[in-house]
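K.L.:
Supplied in structure tokens, the structure appears directly below.
The values are calculated or read from the model by the stated rules, or taken from the named source; none is laboratory data. Being a predicted model, the structure only gives us computed values, none of them experimental. Neighbour counts run over all protein chains shown; Cβ positions are idealised from the backbone, glycine included. These accessible areas exclude ligands, DNA and RNA; they are computed on the full protein's heavy atoms, side chains included. Shrake-Rupley method; radii C 1.70, N 1.55, O 1.52, S 1.80 Å.
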Amino acid sequence: MMSSTAPPDMPAGDGDGDMETLPLASDYASVASTFDPLLSSAASPPSPTIAAAAAFPLSPSSSSSFVDPPSYADVAASSSSSPRSASASASASPRSAASDYALIAVSDPTPEAEPAATSLVPGSAPTYISYLVTSARRGDHRRHAVRRRFRDFVTLADRLAEAFRGHFVPPRPDKNTVESQVMQRDEFVAQRRAALERYLWRLAEHPAIGPSDELRVFLQAEGKMPLPSTTDVASRMLDGAARLPRQLLAGEEAVAAPQEVVQPAKGGRDLLRIFKELKQSVVSDWGGVRPPLVEEDKEFLDKKQKLQDWEQQLTSASQQAEALVKAQQDMGETMGALGLAFIKLTKFETEEAMYDSQRIRAADSKRIATAAVKASRACRDLNTQTVKYLDTLHEHLGIMLSVHTAFSDRASALLTVQTLMSDLASLQLRIEKLEAAASKIFGGDKSRLRKVEELRETIRATEDAKCCALREYERIKENNRSELNRLDREKKEDMLEMIKGYVTSQAAYAEKIVEGWETVAEETSGYARRSDNNIAW
């Protein structure tokens, strides 16, 4: 994520009070009467007209501008609507307004001890952070508040991945174990809280996940997380390893059940299925054998290639956005340092002044310092706006992770269908060979005929599994199609909103900075007029 470190506000300086009470001459007529070799020429006194035009009055607003922040209320008001980069803006976004939820908030991070934690040292038991998740559905005045820990969010993400295969399920925040060790605890918890809240809003905005029971139960069911946590990979692999000998030797559950084929084989509970699909993948990719079913949706393949190209361009744009934020941050810090330097210069000129002209230069230095400090603050505020709008690039990079997962679901479902179709062909070939061998024996071979009946029963079970796998594949294809259309619409909306907001904020703050320097140029225009007059003389 892009981040901007705001430069420290420039202090007004110890001499600020002195600058408020500088005794300044009202015009150049009085200055001309005082000899100052650094400024005036005794041989060329200015005319009254030039002297009047070259007056350097200090307005009350300019004299107090060191402590008064620049007035950018009009800019802030015109650019307050932003992409979903914070929870407040997320809840006010058009997609959030169309969701089933009027409120989703994650707050009150609280450390809690592990329920079964035991420790020999008192007070050193393992702890975790729980968050208060508050939600309210539209049209329902009740608010639901439940306690959830990060592990519960992981369980929710796993359940959604299983239930919504083929959909672009928003990715959950990473665990970030390294950052939790490096960053300050409070800062890390605050960032995670905000990330979890944005994650829940993205789920609520999804047209399929928003109204789902999985999300509703997560947000409303009190007590311990009601969705059981998924078995870890190691346990699943051990279960699969224990079943494998029985599958190979005794033929136990040699055919995947229909309810199992709708889930990917990579879960690990059925190693035989994993090996079969791996073999099918190798034969198709490296063996040069055309599988019985291939991906023939040309429109999908074209969109998939375009999305890959889009991701590359998005990555490049995101990197340049990071560089822009860093450059604007450096510009703001440099401008602030310039303002501080002119504040010190003003103080020095004021304390060492012997002539009125030196005091006028001190006032001009103060004007430059004021403009520089205002420009520094403007750069800081502009950087905040830049991060807010260009963060859309990072959001869509995150969406691409969901896109790859959905496409992987599609490829996995296709591979399952291909494997089952290959199994059917292999079983049918075995039956033909057994029948041919049995026909050569007078009266038939009962053992071979019995094996044929067993294989036909296996074929019927495999056919049922293939039909279920094919329906799941078609369902995922339809989910991909609808999600691609939705992504295309949202991408256009988000990019247009980003460009409009970014350009508007850049123009508004550039105008403010220019206005500040134009004011300084107008107030110090006496130097230019006097220089032109000397040249003419």
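K.L.:
Would it be correct to say that LEU429 is in contact (Cβ under 8 Å) with a residue 12 or more places away in the chain, assigned to a helix (DSSP H, G or I) and either open to solvent by less than 30 Å² (accessible area, probe 1.4 Å) or out of contact with any Leu (no Cβ under 9 Å at 6 or more places or on another chain) (or both)?
P.N.:
no
K.L.:
Assuming GLY332 fulfils every condition listed in (1) open to solvent by less than 50 Å² (accessible area, probe 1.4 Å); (2) within 30 Å of LYS491 (Cα to Cα) apart from one, which condition is it?
P.N.:
Of (1) open to solvent by less than 50 Å² (accessible area, probe 1.4 Å); (2) within 30 Å of LYS491 (Cα to Cα), only one is false for GLY332: (2).
K.L.:
Now for a different question. Being in contact with a Phe, Trp or Tyr (Cβ under 7 Å, 6 or more places away or on another chain) and among the aliphatic types (A, V, I, L, M) is true for just one of LEU382, LEU338. Which residue is that?
P.N.:
Numbers: LEU338 fails: in contact with a Phe, Trp or Tyr (Cβ under 7 Å, 6 or more places away or on another chain).
The unique qualifying residue is LEU382.
K.L.:
For the range 100-126, what are the residues that are modelled with pLDDT under 85 and either open to solvent by 40 Å² or more (accessible area, probe 1.4 Å) or polar (S, T, N, Q) (or both)?
P.N.:
Going residue by residue through the range 100-126, those that are modelled with pLDDT under 85 are 113-126.
ALA113, GLU114, PRO115, ALA116, THR118, SER119, LEU120, VAL121, PRO122, GLY123, SER124, PRO126, listed by residue number.
K.L.:
State whether one or more residues within the range 490-507 are touching a Leu at 6+ places or on another chain (Cβ under 8 Å), of a type outside the set (Asp, Glu), closer than 30 Å to GLN308 by Cα and open to solvent by 50 Å² or more (accessible area, probe 1.4 Å).
P.N.:
Taking the range 490-507 as the starting set, the residues that turn out to be touching a Leu at 6+ places or on another chain (Cβ under 8 Å) are 498, 502, 505-506.
After this cut, where a residue has to be of a type outside the set (Asp, Glu) as well, the list is 498, 502, 505-506.
Checking which are closer than 30 Å to GLN308 by Cα leaves us with 498, 502.
Adding the requirement that they be open to solvent by 50 Å² or more (accessible area, probe 1.4 Å) leaves 502.
So far as the range 490-507 goes, yes, one or more of its residues are touching a Leu at 6+ places or on another chain (Cβ under 8 Å), of a type outside the set (Asp, Glu), closer than 30 Å to GLN308 by Cα and open to solvent by 50 Å² or more (accessible area, probe 1.4 Å).
K.L.:
Got a sec? Which of LEU420, LEU382, LEU397 is more than 30 Å from ILE513 (Cβ to Cβ), touching a residue at least 24 places away in the same chain (Cβ under 8 Å), under 26 Å from the mean Cα position of the chain (by Cα) and assigned by the TED database to the domain that holds ARG471?
P.N.:
The conditions single out LEU397.
K.L.:
Limited to the range 342-400, what total is found for residues that are among the hydroxyl-bearing types (Ser, Thr, Tyr), closer than 30 Å to TYR199 by Cβ, open to solvent by less than 20 Å² (accessible area, probe 1.4 Å) and out of contact with any Gly (no Cβ under 6 Å at 6 or more places or on another chain)?
P.N.:
2
K.L.:
Looking at the range 443-481 only, could you name the residues that are polar (S, T, N, Q), modelled with pLDDT of 90 or more and loosely packed, with under 15 Cβ neighbours inside 10 Å?
P.N.:
none
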